[in-house]
1. Would you say B:Arg334 is over 28 Å from the mean Cα position of the chain (by Cα) and either crowded, with 24+ Cβ neighbours inside 10 Å or of a type in the set (Lys, Arg) (or both)?
2. Among the residues of segment B:8-30, write down those that are in contact with a helix residue (DSSP H, G or I) (Cβ under 6 Å, 6 or more places away or on another chain) and either at pLDDT below 80 or loosely packed, with under 12 Cβ neighbours inside 10 Å (or both).
3. Could you check B:Arg346 against (1) surrounded by fewer than 16 Cβ atoms within 10 Å (Cβ to Cβ); (2) more than 9 Å from chain A (Cβ to nearest Cβ) and say which number it fails?
4. Determine if segment B:381-402 includes at least one residue that is among the hydroxyl-bearing types (Ser, Thr, Tyr) and either touching a His at 6+ places or on another chain (Cβ under 9 Å) or assigned to a strand (DSSP E or B) (or both).
5. Give the residues of segment B:243-260 that are of a type in the set (Val, Ile, Thr) and out of contact with any helix residue (DSSP H, G or I) (no Cβ under 6 Å at 6 or more places or on another chain), sorted by residue number.
6. Kindly provide the set of residues from segment A:346-375 that are part of a strand (DSSP E or B), touching a Gly at 6+ places or on another chain (Cβ under 8 Å) and of a type in the set (D, E, K, R), ordered by number.
7. Considering only segment B:415-430, I want to know if a residue exists there that is touching a Lys or Arg at 6+ places or on another chain (Cβ under 8 Å) and surrounded by 15 or more Cβ atoms within 10 Å (Cβ to Cβ).
8. So for segment B:400-417 (the condition being at pLDDT below 95, touching a Pro at 6+ places or on another chain (Cβ under 9 Å) and at the interface with chain A (Cβ under 8 Å from one of its Cβ atoms)), does at least one residue qualify?
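The values are calculated or read from the model by the stated rules, or taken from the named source; none is laboratory data. This is a predicted model, so every value here is computed, not measured. Cβ sites come from the backbone with ideal geometry, for glycine too, and all protein chains shown count toward neighbours.
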Amino acid sequence: MTVSPDVEAIVTSEYEHGFVTDIASDTLPPGLDEGVVRAISARKGEPEFMLEARLRALRHWQTMTPPRWAQVHYPPIDFQSISYFSAPKSGDGPKSLDEIDPKLLETYNKLGIPIEEQMALSGIAVDAVFDSVSVATTFRTQLAAAGVIFCAISEALRDYPDLVRPYLGSVVPHTDNFYAALNAAVFSDGTFVYVPKGVRCPMELSTYFRINARNTGQFERTLIIAEAGSYVSYLEGCTAPMRDENQLHAAVVELIAMEDAEIKYSTVQNWYPGDAQGRGGIYNFVTKRGDCRGARSKISWTQVETGSAITWKYPSCILRGDDSVGEFYSVAVTKGRQQADTGTKMIHLGRNTSSTIVSKGIAAGEGEQTYRGLVRIAAKAAGARNHTQCDSLLIGARCAAHTVPYIEVKNPTAQTEHEATTSKISDDQLFYCRSRGLTAEDAVSMIVNGFCKEVFKQLPMEFAVEAQKLLSISLEGAVG
Amino acid sequence: MSPAPGFEQWLAPAPASAGGRLDWLQTQRAAARLSVAAQGVPGTKQEAWRYTSLSRLLEQGFVPAVEPVTLRPEALEPRLIPELDAYRVVLVNGRFVPGLSALEGLPPGVRVGSLAELLATDPDALKDRLNAVAGPDQSLFTALNTAGLDDGLVAIMGPGVCLPRPIELIHLSVGAAAPLLAQPRHLVVLETGAQAHLIERYVGLTDGLYCTNSVLEVMLGADAVLEHQRVQLESPKAFHLAALYVRLGAASNYRCINIAVGAAWARTDLRVRFTGEDAVCDLQGLYLVGERQLLDIHLDVDHQVPRCRSREYFKGILYGKGRAVFDGRVHVARDAQQTDAAMTNRNLVLCEGAEIDTKPQLEIEADDVKCSHGTTVGELDPEQLFYLRSRGIGAPLARRMLCLGFAAEVLDALGPEALRMHVAEEVGHRLEQAT
């Protein structure tokens with residue numbers, strides 16, 4: 001395949017959102033021991049039980065070794081060279097946007113997230129996380145009127161400890177895996193959402209994450225609780241500044257849906273993927289899991305993964321309640337030297353539970369990606385249904401796409417289907433578009449968008465547009 | 001280094017046969033012993049053994065069958081397929097028995113017979129061929145087989161030879177006081193343009209407890225064609241391990257049908273590697289897994305060169321407390337452009353307590369390919385059952401009819417007719433118990 005010079009220029013174009021905002025940070029020295037965990041907990045002013053939970057997690061983590069089973073390659077991480085806490089200096093805490101460090105606001109504006117405008121125009125409440133401390137939360141009062149709690153998790157631990165305590169770590173315990181243990185020990189901040197019984201959250205909730213300050217891993221912790229009969233849609237989107245060293249991101253997201261509740265969780269991830277040789281770039285090792293605890297509850301994950309040097313995540317659903325529903329819609333793009341090992345787990349425990357998996361992988365350049373999924377039907381999950389569709393599109397002779405589905409069925413009334421295809425963009429399709437006057441680039445963009453449509457239509461409107469744009473930018477120049 | 005715990009007995013020295021005097025073979029055996037010691041006993045943490053524990057196998061205390069067994073031809077009779085017209089090679093507990101075999105009328109340029117005999121008479125014909133397909137990095141059970149490598153079937157067809165009748169290999173296990181282990185080693189070589197048909201059958205003479213750990217290496221030259229049918233009908237208490245290594249030359253054609261019905265515990269590893277362009281490989285399988293049975297099938301199809309085509313189609317019926325594992329992998333290497341591969345695994349689960357774990361993987365490193373896989377797990381369609389019942393057919397028969405229909409797709413591909421009838425009868429018999 002030949003690549004035109006213009007295309008070459010676009011391929012080698014630098015990461016658009018790459019810059020480091022120079023503001024003073026309150027940062028702990030690198031290293032991880034009990035002292036560091038105590039310091040993080042103290043800085044957050046956490047209740048005693050939280051410190052104990054962190055220390056338990058740390059002691060467990062110290063007995064573990066990093067997992068190596070994923071199809072991703074990277075040098076060993078020195079966990080003692082990472083700084084585990086970094087908070088932007090902002091005095092005694094801002095009361096309104098006016099009090100926020102102007103440099104911070106400038107960063108958001110560069111990213112195209114004008115908080116004020118968004119507040120007014122889109123009706124989205126924004127809990128913006130700059131590094132590790134939530135610095136702006138909006139529309140809190142409107143949400144409060146509906147009874148919805150939407151705040152930083154450190155705040156929730158201070159203000160509603162009895163509400164958080166029984167749920168935190170109940171879906172992803174610290175013993176779950178290496179990075180979940182690490183997160184449980186050192187998580188810096190994140191988001192807490194509580195939707196009371198019967199409430200339909202009046203707006204889409206959204207948090208923008210942004211990694212800043214050199215050499216600080218970001219360990220977000222998100223907990224969303226939807227009480228019986230409630231509904232909430234949560235949007236997560238990320239960009240990151242350009243930097244040289246690999247940066248570890250090990251977040252944990254826990255979702256809990258009670259009877260008849262529904263949680264929709266959407267992610268657009270566009271962190272720095274590293275340079276053309278694969279240097280730098282974010283390591284995105286995330287544990288995301290939803291627990292459909294109540295009957296007829298529903299959890300839906302939608303993700304568009306275009307960034308990060310390495311993406312390693314499996315948003316999962318535990319379908320515990322009878323008639324509960326789990327969904328996973330994913331578009332993953334790897335180009336350059338990006339690697340992604342992603343997929344989902346659907347654990348069917350309740351009767352008549354059903355799950356849908358739609359995964360679209362696009363590998364270009366020397367990108368490598370793996371769909372890894374598990375569908376487990378337990379012996380008691382009578383009438384369980386699963387349908388899985390995972391397709392891979394290959395662009396260029398040096399990319400790779402792998403599919404590793406696990407299907408474990410212990411109930412005779414279960415029905416599972418799995419389909420997967422791997423192909424390149426068909427010459428016939430391309431020829432058809434070209435013969436109607438489309439350029440090769442436009443034709444490919446159109447075909448790829450069609451390929452991903454099933455997933456994009458699951459995204460909230462604003463995100464769908466952004467995701468589509470992101471996809472075409474990501475693939476610019478990948479085809480010749 | 002000491003051997004892996006539990007397998008010391010498996011490595012008991014082979015009897016002093018002709019092969020024992022060959023330096024190159026001794027070197028291969030010694031390397032295999034070292035490999036066994038280095039590997040240890042794989043646990044369920046290892047991906048290849050994720051769903052299958054070896055503890056049941058290790059508990060049995062199998063000892064290698066060293067005493068030759070004398071059988072009168074009448075004893076074999078009930079295990080023969082009368083109408084099957086084939087060159088017959090009979091192995092009893094892993095050893096060739098000339099008195100039971102029938103090899104008259106082989107055309108020139110063809111050698112079919114005992115591996116031990118050929119090692120004694122013309123070892124040079126084997127020197128560069130034994131272990132050539134299985135390779136130096138052998139899995140535990142292949143290494144165990146190589147360490148005791150002694151006898152089995154050998155079939156070598158010269159260039160352009162077309163064998164008029166199939167070769168039928170009957171591996172018969174005869175019980176003894178102690179549970180016996182047989183480790184037959186087979187080698188099939190088809191040189192350029194040769195054509196042959198191989199039928200492998202594994203049966204027990206009694207319902208006893210025994211273990212078979214067989215390894216088959218198949219080497220296909222350019223344009224060679226091999227029809228291969230493998231029927232595993234071991235006794236209900238038996239343990240069965242089989243590894244098949246196939247290397248396909250340019251424009252060669254390999255077609256394999258794998259029927260697995262017997263044994264209490266069985267594991268099959270099928271490894272196909274394309275080394276010449278434009279070759280075709282068609283793998284089909286049918287497994288029936290019933291009460292307390294475990295059946296584990298692993299496929300590894302490796303497309304190393306462009307323009308090859310592979311089909312993997314496996315169907316399974318599960319009942320009782322049976323458990324089946326299907327782990328299929330299709331790998332397309334970086335330069336293997338225009339590969340066409342499709343893998344399908346369909347499972348029918350008849351009752352509560354049965355379990356199926358299936359994992360069809362694709363690993364693709366080239367872009368101009370057409371690859372797909374599909375899996376289904378489900379029960380019998382209630383509407384189809386209702387249709388049959390409404391026409392006055394009893395529930396058990398209706399269920400059996402639907403199961404036979406499900407199996408027929410693979411069974412119908414079997415040939416010659418005598419073999420198809422034989423297998424269909426066995427499958428039907430087992431489905432009678434299942435439904």
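1. yes
2. Scanning segment B:8-30 gives B:Ser17, B:Ala18, B:Gly19.
3. Here B:Arg346 meets the rest and fails (1).
4. Step one: filter segment B:381-402 for residues among the hydroxyl-bearing types (Ser, Thr, Tyr), giving B:387, B:390.
From what's left, either touching a His at 6+ places or on another chain (Cβ under 9 Å) or assigned to a strand (DSSP E or B) (or both): none.
Looking through segment B:381-402, none of the residues is among the hydroxyl-bearing types (Ser, Thr, Tyr) and either touching a His at 6+ places or on another chain (Cβ under 9 Å) or assigned to a strand (DSSP E or B) (or both).
5. Scanning segment B:243-260 gives B:Val246, B:Ile257.
6. Once the filter is applied, which keeps residues that are part of a strand (DSSP E or B), touching a Gly at 6+ places or on another chain (Cβ under 8 Å) and of a type in the set (D, E, K, R), segment A:346-375 yields only A:Arg372.
7. No, the conditions are met nowhere in segment B:415-430.
8. No, because not a single residue in segment B:400-417 is at pLDDT below 95, touching a Pro at 6+ places or on another chain (Cβ under 9 Å) and at the interface with chain A (Cβ under 8 Å from one of its Cβ atoms).
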